[in-house]
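Contents: one structure, followed by commentary.
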Amino acid sequence: MELAAASKSRSIAEIQQAIAAGVKVVAENYVQEAGEKFKAIGRQVKWHFIGHLQRNKVKRAIDIFDMIESVDSWEIAAAIDKACAAEEKKMLVLVEVNCAREKQKSGVFPEDVERLIEQIHRLSNIKVMGLMTLGPFLQNTEQLRPYFRETQRTFEAIKSLGLAGVEMRYLSMGMSDSYRVALQEGANLVRIGSAIFGKRST
Ligand SMILES: *Cc1c(COP(=O)(O)O)cnc(C)c1O
């Protein structure tokens, strides 16, 4: 299991403390905020992007992040690929799944994940490394189990396709209140914020 410290709205000092305590991966939601932190912290940790990526932020994002966990359209994948080609980079990406098919949420519906990965796996400056999902906000995290389970099934189904250049290594599911259920359902990358840094004030 790998842990990403979800550090949106946390200070550089708080993140440095977490790194001193052993955090190896920092996950940020906003490119600009990450950029400021990255300037101070640099490559002593891996940087994951877990927010909604806008096209006009792609160029900056690829200079900071080691992995983009939130690819959810052909358009954004193609933009990342193009920007990486210009810099002779290859970006590791996860496809974000909207596992509960919520209208207001980003991410690809489970039934569309395979089609998107079949489209993007030929892009030579992107490497698909797995799936990420957020899941609905539910008080009772036990109710997340069927959504995590379906995402895990989707993950395995894509793995079994054996697409060239696709390495289904990461299943990123679970946050501070849901990581236990997520791990039971096959997550191997969890994104933890408040359980590391304390409750968010904003
Ligand atoms: C904030 C955030 C997390 C962590 O949430 P906590 O409840 O603070 O653990 C995980 N994933 C994403 C995408 C987030 O935005």
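Every number here is computed from the coordinates shown, using simple stated rules; none is lab data. Keep in mind that this is a model prediction, so the values were computed, not measured. Note: ideal-geometry Cβ built from the backbone for every residue, glycine included; neighbour counts use all protein chains shown.
Assorted remarks:
- For the range 107-197, the fraction of alpha-carbon pairs in successive 10 Å shells from zero, as %: 17, 47, 27, 9, 0
- Taking the chain as a Gaussian network of alpha-carbon nodes connected by springs under 10 Å, the highest mean-square fluctuation of the residues Phe49, Phe148, Phe109 belongs to Phe109.
- In the range 119-202, trypsin sites (Lys or Arg not before Pro) in a DSSP loop with at most 16 other beta-carbon atoms within 10 Å: Arg122, Arg169, Lys199, Arg200
- Across the range 1-133, Cα pairs under 8 Å and at least six residues apart give a relative contact order of 19 percent.
- Check: the range 92-202 dipole with +1 on Lys, Arg Cβ and -1 on Asp, Glu Cβ, in debye: 280
- Positive-end residue, the range 1-80 charge dipole about Cα centroid, Cβ charges, pick of Ala4, Ala61, Gly42: Gly42
- Estimated inter-spin distance, Lys46 and Arg145, nm [label 7 Å along Cα→Cβ]: 3.0
- Anisotropy class of the range 63-124 from Cα gyration tensor, a/c 1.5 cut: prolate
- 31 Å Cα-Cα threshold exceeded, pairs from Lys82/Lys199; Lys37/Lys159; Lys37/Lys90: Lys82/Lys199; Lys37/Lys159
- Secondary-structure-derived ellipticity at 222 nm for the chain, considering helices only, amounts to -11000 deg cm²/dmol, per-run term -39500 (n - 2.57) for DSSP H runs with n ≥ 4.
- Length gained on full extension, Glu88 to Ser194, computed as 0.36 nm times the residue gap minus the Cα-Cα distance: 34.5 nm.
- Ranked by the mean number of other Cβ atoms within 10 Å per residue, highest first, peptides 160-168, 131-139 order as 131-139, 160-168.
- Model label sites at Gln184 and Glu14, defined 7 Å from Cα along the beta-carbon direction, differ in position by 2.9 nm.
- Among Tyr147, Tyr30, Tyr179, sorting on how many other beta-carbon atoms sit within 10 Å of each Cβ, with the fewest leading, yields Tyr30, Tyr179, Tyr147.
- The local environment of Ile62, defined by Cβ-Cβ distances under 15 Å, has a net charge of +3 under the rule Lys, Arg +1 and Asp, Glu -1.
- Charge dipole of the range 50-131 (Cα centre as origin; +1 on each Lys and Arg Cβ, -1 on each Asp and Glu Cβ, all else neutral): 240 debye, rounded to the nearest 20.
- Where only alpha carbons of the chain are counted, the Rg and the Dmax (Å): 16.1, 46
- Size of electric dipole in the chain: Cβ of Lys, Arg +1 and of Asp, Glu -1, about Cα centre, debye, nearest 20: 420
- Length released on extending from Glu2 to Asp112, taking residue separation times 0.36 nm less the Cα-Cα span: 37.0 nm
- For the chain, no complete DSSP H run has alpha carbons reaching 30 Å or more along its own long axis together with a mean Kyte-Doolittle score of 0.0 or higher.
- Contour minus Cα-Cα distance for Arg122 and Arg101 (0.36 nm per residue): 4.9 nm
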